[in-house]
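First up is the structure itself, then whatever we jot down about it.
The values are calculated or read from the model by the stated rules, or taken from the named source; none is laboratory data. These numbers were taken from a predicted model, which means no experiment stands behind them. Here the Cβ positions follow ideal geometry from the backbone for every residue, glycine too, while neighbour counts run over all protein chains shown.
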Amino acid sequence: MFIDLLVALAAFRLGSLFTYSGALKLVASRAELIKTVEGYRLVPAAGTRLIALGLPYVEVASGAVILLTPWVRLGAATTAVLGLAFVVATGSALLRGLKAACGCAGSSSGFVRSSGLARAVLIIVASLCAALSGSGAALNAGGLVFALALAPAVALTVKQRRAQRLVHRHVGHVHHPVAVIRP
């Protein structure tokens, strides 16, 4: 019983993490996403673009499957594969001494660090636990509540990112939001 609760909580956390992380990437600029994937220097240009633009959709979909459907095992298996890819990419960047942007939370992420590697390993462990045990049907009601609670935060994030992109287009690259005063 206690183990089932821990697995359900791990699955809920996985679904939440991937839904939120993917949503942040969906509102990031395409150029930033591509540059982040290029920074790992693991795949050719065509693959870089495909990964950069496809990954956010896979993350949101796998998180949503975990949170909102009875197919928790499928979503968790997908996040385990993603976790493995993150371990390979992060480990490779660390071993080669690359100063690559992490990309975990879209453009607001820092550089690749060993803590990111540990986080990716934990993603694999939690994903495998969720994929190999119970159906996870208890997450459905909680997942719906979470999705409803997350929607305003995602909407606000989308609105802020779009506003920042407009400022970037008109006054150049700005790291902090600024007021543009025109005479």
Qualifying positions in the range 41-60 - touching a residue at least 24 places away in the same chain (Cβ under 8 Å), out of contact with any Leu (no Cβ under 7 Å at 6 or more places or on another chain) and farther than 16 Å from Val81 by Cα: Leu42
Do you know which residues across the range 58-83 are of a type in the set (A, V, I, L, M), under 17 Å from Val121 (Cβ atoms) and touching a helix residue (DSSP H, G or I) at 6+ places or on another chain (Cβ under 6 Å)? Ala76, Ala77, Ala80
Identify the single condition in (1) closer than 21 Å to Phe12 by Cβ; (2) buried (at least 18 other Cβ atoms within 10 Å of the Cβ); (3) more than 13 Å from the chain's Cα centre (by Cα) that Val125 does not satisfy, given that it satisfies every other one. (2)
Residue among Leu33, Leu17, Leu42 that alone is at pLDDT 90 or above and within 16 Å of the chain's Cα centre (by Cα): Leu17
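Rundown of residues vs (1) charged (D, E, K, R); (2) touching a Pro at 6+ places or on another chain (Cβ under 9 Å); (3) loosely packed, with under 15 Cβ neighbours inside 10 Å, yes/no style:
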| position | (1), (2), (3) |
| --- | --- |
| Arg73 | yes, no, no |
| Thr79 | no, no, no |
| Leu84 | no, no, no |
| Val88 | no, no, yes |
| Arg96 | yes, no, yes |
| Lys99 | yes, no, yes |
| Cys102 | no, no, no |
| Val112 | no, no, no |
| Arg119 | yes, no, no |
When Leu55 is evaluated against the numbered criteria (1) surrounded by 18 or more Cβ atoms within 10 Å (Cβ to Cβ); (2) within 15 Å of Ala126 (Cα to Cα), which criterion, by number, is the only one it fails? (2)
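May I ask you to list the residues in the range 7-34 that are out of contact with any helix residue (DSSP H, G or I) (no Cβ under 8 Å at 6 or more places or on another chain) and more than 19 Å from Leu68 (Cβ to Cβ)?
Scanning the range 7-34 gives a single hit, Ala31.
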Exception for Ala76 within (1) in a helix (DSSP H, G or I); (2) under 23 Å from Val43 (Cα atoms); (3) aliphatic (A, V, I, L, M) falls at (2)
